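Chemist: Below you'll find the structure I mean.
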Amino acid sequence: MKTTKIILAILALICLQTSLFADIAPNPIKAKSISPKAATSIRMESERVEIDLYNDSSVVTCVFYMRNLGEPEKLQIGFPDMRFYHFSMEKHQNGDRFAVKENGKTIAFTSASGGAEGSGSPDEKDWYLWNSEFEKGESKTIEVQYSLPCGMRYKSNERFFTYLLSTGAGWEGTIGKAEIIVNLKDIEQDSVLSQTPANCEISGKQFSWTFTDFEPTENNDIKISYNTNKNVYKGPKPINPTIFIDGVKADSLDLNTVQPNDIACIQVFKTTAENNLFPESPGGVVKIYSKVYVWTKLDKMVKAKSKKKINLPDYDALKENYSLFVDDNEVDFSEVIGIKEEFIAKLEVIKSRKSKRKIMIGLR
């Protein structure tokens, strides 16, 4: 008896702003009438992927050489329909964007919806599906051609292309050999900003990678970043804001040293023609204050201006058990950042059994 299995071949998972393709993979969609019966015994003996990369689009041709190492199998093979990921793609373009062949013969395909209703996962997208069958020991060539718009960064000439070899990890055993070739069409070689993995061979306007007998991981995924030759965005180049942490200018935008739970407040100041508060920072200013910084400044004020000796608890306990008032108006504790001690006329702490204690600050 033949074993019935469903093998789903994922060609691409597309983000709204990133052009992305992927290897075929035994990964089932979750349509109600489709479910996997057992692990596949089909191995990807080799694959050859050739990409013609343009400024505004890409055409990908994949040739997969498959071999059944086990008993006969019936398969339903599928590729996801990318028009859901690019709003500019209309439904009538399906025939132009997708084509599949098995052993040189064009295969008719249908569409089906995947994913549990309301799950919100990418599996809910439509799929191109066709039926196939492998006899015991049979080898078969599957060819898929697909085209998509380029991936782009918002308000930038930078473009992206990604091909995921890692999605082919679910086939039987290792992948015998993979050749990935990218041909730059209307893109100059010096427009390429970066390419990974590192084993890339460059010859003129052709970039290529070769892998042998490997279990694909994310480290094998092909990624190319390049500048388009077309000036799509003509606006001003984005300028990073100047960042201050506890009053000290940060050397870079790397905020890994600031833990979210340690932040008391963040202030953002935009630099505009009408409100040129920071002419030396055309990108604006972001001020980040830690809990320790705010607590230290308030504690200093209390010790300097209060007639009574008061020991404040730590910041979190302070927020929970105290309220701050400036000129009889309740404010957040971060307001102490903008108060100078010489402008404080009076500071007292009022205790209450029924509510929070009040720190009252009166300004001159």
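The values are calculated or read from the model by the stated rules, or taken from the named source; none is laboratory data. Here the structure is a predicted model, which is why all the values come from computation and not from measurement. Using ideal geometry, Cβ is built from the backbone for each residue, glycine included, and neighbour counts are taken over all protein chains shown.
Chemist: State whether one or more residues within the range 76-85 are modelled with pLDDT of 50 or more, in a strand (DSSP E or B) and under 23 Å from Lys136 (Cβ atoms).
Modeler: So far as the range 76-85 goes, yes, one or more of its residues are modelled with pLDDT of 50 or more, in a strand (DSSP E or B) and under 23 Å from Lys136 (Cβ atoms).
Chemist: I'd like to check which strands (runs of 3 or more DSSP E) are fully inside the range 158-213 and have at least 3 residues that are hydrophobic (A, V, I, L, M, F, W, C), under 15 Å from Thr61 (Cα atoms) and in the same structural domain as Glu47 (by TED's automatic domain parsing).
Modeler: Where strands (runs of 3 or more DSSP E) fall fully within the range 158-213 and carry at least 3 residues being hydrophobic (A, V, I, L, M, F, W, C), under 15 Å from Thr61 (Cα atoms) and in the same structural domain as Glu47 (by TED's automatic domain parsing), they are 175-184.
Conditions (1) within 41 Å of the chain's Cα centre (by Cα); (2) on the phi < 0 side of the Ramachandran plot; (3) of a type outside the set (Gly, Ala, Ser), marked per residue:
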{"site": "Lys297", "(1), (2), (3)": "yes, yes, yes"}
{"site": "Ala304", "(1), (2), (3)": "no, yes, no"}
{"site": "Ile310", "(1), (2), (3)": "no, yes, yes"}
{"site": "Leu318", "(1), (2), (3)": "yes, yes, yes"}
{"site": "Ser323", "(1), (2), (3)": "yes, yes, no"}
{"site": "Val326", "(1), (2), (3)": "no, yes, yes"}
{"site": "Phe333", "(1), (2), (3)": "yes, yes, yes"}
{"site": "Leu363", "(1), (2), (3)": "no, yes, yes"}
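Chemist: Scan the range 251-264 and give yes if some residue there is closer than 20 Å to Lys297 by Cβ and at pLDDT below 75, otherwise no.
Modeler: Among the residues of the range 251-264, at least one is closer than 20 Å to Lys297 by Cβ and at pLDDT below 75, which makes the answer yes.
Chemist: Show the residue pairs that are 6+ apart or on different chains and have beta-carbon atoms under 9 Å apart, the first residue being within the range 322-343 and touching a residue at least 24 places away in the same chain (Cβ under 8 Å) and within 12 Å of Lys356 (Cβ to Cβ), the second being outside any helix (DSSP H, G or I) and among the basic types (Lys, Arg).
Modeler: What qualifies is Tyr322/Lys356; Tyr322/Arg357; Tyr322/Lys358; Ser323/Lys356; Ser323/Arg357; Ser323/Lys358; Leu324/Lys358; Phe325/Lys358.
Chemist: Report, by residue number, each residue of the range 172-207 that is farther than 16 Å from Thr162 by Cβ and among the hydroxyl-bearing types (Ser, Thr, Tyr).
Modeler: Thr174, Ser191, Ser203
Chemist: Inside the range 175-203, can you point out the residues that are polar (S, T, N, Q), buried (at least 16 other Cβ atoms within 10 Å of the Cβ) and more than 13 Å from Asn55 (Cα to Cα)?
Modeler: If the condition is that a residue be polar (S, T, N, Q), buried (at least 16 other Cβ atoms within 10 Å of the Cβ) and more than 13 Å from Asn55 (Cα to Cα), then Gln195 is the only one that fits.
Chemist: Mind listing whichever residues of the range 32-57 are at pLDDT below 85 and assigned to a strand (DSSP E or B)?
Modeler: Within the range 32-57, just Ser57 meets the criteria.
Chemist: Return the residues of the range 328-347 that are more than 29 Å from Asp262 (Cβ to Cβ) and touching a strand residue (DSSP E or B) at 6+ places or on another chain (Cβ under 6 Å); say none if nothing qualifies.
Modeler: Ala345, Lys346
Chemist: Could you list, in sequence order, the residues of the range 315-355 that are exposed (fewer than 15 other Cβ atoms within 10 Å of the Cβ), at pLDDT 90 or above and in a loop (DSSP other than H, G, I, E, B)?
Modeler: Asp327, Asp328, Asp332, Lys340
Chemist: Checking the structure you have, find out if any residue of the range 148-157 is among the basic types (Lys, Arg), surrounded by fewer than 16 Cβ atoms within 10 Å (Cβ to Cβ) and modelled with pLDDT under 70.
Modeler: yes
Chemist: On to the next question. With the requirement that a residue be among the acidic types (Asp, Glu) and buried (at least 21 other Cβ atoms within 10 Å of the Cβ), what does the range 45-68 give you?
Modeler: Of everything in the range 45-68, just one residue is among the acidic types (Asp, Glu) and buried (at least 21 other Cβ atoms within 10 Å of the Cβ), namely Glu47.
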